[in-house]
Amino acid sequence: MLDITLSVNGATRTGSAEPRKTLADFLREDLDLTGTHVGCEHGVCGACTVIVDGRAVRSCLMLAVQAVGSEVTTIEGLGPDGGMSTLQEALWDSHSFQCGFCTPGFVMQAAAFLQAHPDADEQQIREALSGNICRCTGYQSIIDGVLLAAERNRQS
Amino acid sequence: MFRWRGQDSHNLDGPRHPAAVTVVAAAMVARAAGQPGPATEECTPEGPRMKLPYVEYEAPSTVAEALELLAEHQDEASVLAGGQSLIPLLALRLARPALLIDINGLRELSEVSAANGSVSVGAMTREYVAEDSETIADTVPLLAAALPLIGHEAIRSRGTIGGSMAHADPAAELPAVARALDAEFVVSSKSGDRVIPAAEWFEGYLTTSRRADELLVEVRFPAARRGTGVSFQEVARRHGDFAIVGLAASLTLSDGVISDARLAFAGLSDVPVRGAEAEQLLVGERPSADLFDEVARQATADLDPPADLHGSSDYRKKVAATLVRRGLQAAADNADERQ
């Protein structure tokens with residue numbers, strides 16, 4: 001077992017894990033952060049996307065030990081204490097999601113993308129979200145929500 | 001949620017990857033014949049069930065340490081770079097290394113530099129870093145054109161140039177770019193360095209000429225000459241998927257005449273395939289739609305691509321011809337812009 005110390009949502013967290021434990025499983029099982037969802041477990045569906053050192057990554061394709069010393073943001077850390085971020089509010093207002101399984105992955109991917117590209121247009125948003133799979137919505141409502149968030153971010 | 005399943009019922013959930021089906025089928029046939037087949041499942045009974053198989057782990061902090069580990073463990077070890085291909089292989093139990101040598105701590109392998117008409121890209125250069133690199137955009141435009149087509153944004157956050165080249169998936173973008181440009185692969189081992197040309201690097205499906213004690217440390221690309229136009233074309237089932245067929249194309253124009261032409265296909269064989277015949281037809285000619293039509297026909301006439309559930313051999317051949325036409329036209333158009 002390896003000692004693992006990393007920053008998650010602004011707080012220092014420690015645990016221990018076998019080297020083969022993925023970051024996704026470490027977040028869920030060892031840190032009880034079950035907001036990160038695990039879908040395909042081989043990098044195809046995007047449900048497990050989290051932000052590591054400012055970049056969206058698949059937490060199922062990264063070992064927990066590889067995140068030692070990193071700053072990780074999960075869906076639990078996106079909004080202000082118990083509330084929702086501007087992005088989450090906009091997705092809520094746009095009825096972006098249905099069943100919720102893919103939601104945290106989409107939200108984290110969109111959050112990382114809007115951070116880096118605040119003026120993104122619809123085409124760029126579609127491209128950025130193309131690695132996340134949703135089986136409910138047909139995607140348009142998600143794109144609408146992210147566009148609304150970008151607009152609100154620019155106004156505030 | 002994690003239920004221990006005995007050796008013989010391991011595939012109750014069914015494999016979800018075409019390659020996994022092959023391995024599981026081979027294991028079942030071998031077992032029926034009373035022989036040990038390829039291992040499909042193994043879990044340390046005392047430990048918790050996990051997605052990835054049991055594996056030892058080392059994270060060297062220098063190249064010298066990594067080479068020491070490779071020399072000791074040889075093909076029992078797998079080198080973990082960005083992990084965007086190796087970790088899925090572990091998750092699907094298609095790769096079963098005894099040891100992972102994690103080279104993410106080798107900062108010395110992340111440099112991009114251009115000198116004397118050659119661009120050196122460190123093996124651990126992440127794909128998103130290469131995508132944002134002005135050096136690469138200016139000097140290796142074909143590489144720059146291919147990078148945004150690799151997987152998705154989150155994959156490129158971790159994936160590396162060296163990792164993709166060493167994984168050597170014949171349908172991937174970067175091997176085709178390397179083959180088209182005659183890139184060189186620099187490998188290190190305890191006994192010294194070797195420089196391997198792209199024509200000799202790709203040996204077969206997921207197989208390179210890297211020896212088990214060697215580490216890929218750098219990929220060298222020739223800098224594009226003035227008047228060079230490029231295009232990376234691909235047809236995939238969905239955006240970000242591996243290409244059914246992909247094409248890396250580069251044309252250099254001098255006074256309106258093609259002085260250098262380079263074509264390499266992805267997805268048509270177990271290695272990236274160079275379109276040498278097409279290149280010969282192009283050099284010395286002036287770019288035109290008629291020329292590109294003719295080259296597309298001749299370049300693909302002798303191809304015999306594999307068939308799978310994504311497309312028949314004949315379909316792939318037709319797609320290849322279309323991509324040659326489109327790729328050459330796009331390359332000729334942006335060669336004009338660069339003159």
Note: among B:Ser133, B:Ser110, B:Ser157, B:Ser118, just one is polar (S, T, N, Q) and closer than 16 Å to B:Leu216 by Cβ, namely B:Ser110
Can you say whether A:Leu31 is at pLDDT 95 or above, in the same structural domain as A:Tyr139 (by TED's automatic domain parsing) and of a type in the set (A, V, I, L, M, F, W, C), as far as the supplied structure shows? no
If you go through B:Leu89, B:Leu69, B:Leu52, the only one that is at pLDDT 95 or above, of a type in the set (A, V, I, L, M) and part of a loop (DSSP other than H, G, I, E, B) is B:Leu52
Restricting segment A:128-138 to residues that are under 18 Å from B:Leu147 (Cα atoms) and not in a helix (DSSP H, G or I), the one farthest from the other protein chains (Cβ to nearest Cβ) turns out to be A:Leu129
When segment A:79-99 is checked residue by residue, the ones that are over 16 Å from A:Leu147 (Cβ atoms) and under 13 Å from the mean Cα position of the chain (by Cα) are A:Gly79
The lone condition A:Ala56 fails out of (1) surrounded by 22 or more Cβ atoms within 10 Å (Cβ to Cβ); (2) over 30 Å from B:Glu58 (Cβ atoms); (3) under 14 Å from the mean Cα position of the chain (by Cα) is (2)
Of the candidates B:Ala59, B:Ala27, the one satisfying the condition of being surrounded by 12 or more Cβ atoms within 10 Å (Cβ to Cβ) and either at pLDDT 50 or above or at the interface with chain A (Cβ under 9 Å from one of its Cβ atoms) (or both) is B:Ala59
### Test for A:Gly100: is it closer than 24 Å to A:Val8 by Cα and either within 13 Å of chain B (Cβ to nearest Cβ) or modelled with pLDDT of 95 or more (or both)
yes
Within segment A:28-55, restricting to residues that are without any contact (Cβ under 8 Å) to a residue 12 or more places away in the chain and assigned to a loop (DSSP other than H, G, I, E, B), the one that is nearest to the other protein chains (Cβ to nearest Cβ) is A:Thr34
Residue hits (segment A:16-27; touching a residue at least 40 places away in the same chain (Cβ under 8 Å) and either more than 12 Å from chain B (Cβ to nearest Cβ) or part of a loop (DSSP other than H, G, I, E, B) (or both)) are A:Pro19, A:Arg20, A:Lys21, A:Leu27
Check your understanding: Within the bounds of segment A:60-68, is there any residue that is more than 26 Å from A:Ala116 (Cβ to Cβ), within 11 Å of chain B (Cβ to nearest Cβ) and of a type outside the set (Asp, Glu)?
Key -> yes
Flagged in segment B:74-96 as closer than 17 Å to B:Val187 by Cα and either surrounded by fewer than 18 Cβ atoms within 10 Å (Cβ to Cβ) or more than 9 Å from chain A (Cβ to nearest Cβ) (or both), in numbering order, are B:Gln74, B:Asp75, B:Ala77, B:Ser78, B:Val79, B:Ala81
query = Of the residues that make up segment A:112-127, is at least one surrounded by 24 or more Cβ atoms within 10 Å (Cβ to Cβ), under 16 Å from the mean Cα position of the chain (by Cα) and assigned to a helix (DSSP H, G or I)?
reply = no
A:Ala116 vs (1) touching a helix residue (DSSP H, G or I) at 6+ places or on another chain (Cβ under 8 Å); (2) among the aliphatic types (A, V, I, L, M); (3) within 19 Å of B:Ile155 (Cβ to Cβ): all pass except (1)
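The values are calculated or read from the model by the stated rules, or taken from the named source; none is laboratory data. Note that this is a predicted model, so its numbers are computed, not measured. Here Cβ is always computed from backbone atoms with ideal geometry, including for glycine, and neighbour counts include all displayed protein chains.
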